[in-house]
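What follows is a set of notes on a single structure, which appears directly below.
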Amino acid sequence: MNEHEADPRMGFSVTHRRYVPYSHAHYAGHLVDGAYVLGLFGDVATELCIRTDGDEGLFASYSDVQFRAPVRAGDVLAVSATVVGVGRRSRELALEARVTCRGVPGELESSAQVLAEPVVAVTATGTVVVPAAPEVPRD
């Protein structure tokens, strides 16, 4: 591939949806700690690596993590990873966790609603690494 061709992995995205169980509430108000979402970022990045490179890959680093809104037990999250950079072995990912459903305070214990607009709870930029592609022998 020459330097002017776009890599087909660029812009590829994977999204997971996850209900946040009450067993993960860590703070008052049923708040969930930030490490919970970082774990979900690892899960979605793993699927992305499998789909783009045929390997689970390894998370190497986060270069930016922003906790923008609370995540609570009972939320439904949409967690996505999108390829924004491709190196020989590294893939730079844009990661985002959005709250799409949330419990309704003061209602029945099981009342919940779909949010009209998802709330961006956490964003991050991360780097994963995958094994180098095998060298193709030349005649």
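The values are calculated or read from the model by the stated rules, or taken from the named source; none is laboratory data. Keep in mind it's a predicted model, so treat the numbers as computed, not measured. When we count neighbours, we look across all protein chains shown, and the Cβ atoms used for this are built from the backbone with ideal geometry, even at glycine.
Yes or no: residue 104 touching a strand residue (DSSP E or B) at 6+ places or on another chain (Cβ under 6 Å), over 17 Å from residue 12 (Cα atoms) and at pLDDT below 95?
yes
The residues listed here are 24, 16, 30; of these, the one that is modelled with pLDDT of 95 or more and under 16 Å from residue 99 (Cβ atoms) is 16. Which residues, taken from region 7-43, are under 17 Å from residue 90 (Cβ atoms) and either in contact (Cβ under 8 Å) with a residue 40 or more places away in the chain or more than 18 Å from the chain's Cα centre (by Cα) (or both)? Across region 7-43, the qualifying residues are 7, 8, 9, 10, 11, 12, 41. Taking the criterion of being surrounded by 16 or more Cβ atoms within 10 Å (Cβ to Cβ) and touching a helix residue (DSSP H, G or I) at 6+ places or on another chain (Cβ under 9 Å), the residues of region 25-43 that qualify are 30, 32, 36. Among the residues making up region 61-70, those that are in contact with a Gly (Cβ under 8 Å, 6 or more places away or on another chain) and either part of a loop (DSSP other than H, G, I, E, B) or aliphatic (A, V, I, L, M) (or both) are 65, 70. In summary, residue 74 fulfils each of the numbered conditions (1) in contact with a helix residue (DSSP H, G or I) (Cβ under 7 Å, 6 or more places away or on another chain); (2) in a strand (DSSP E or B) with the single exception of condition (2).
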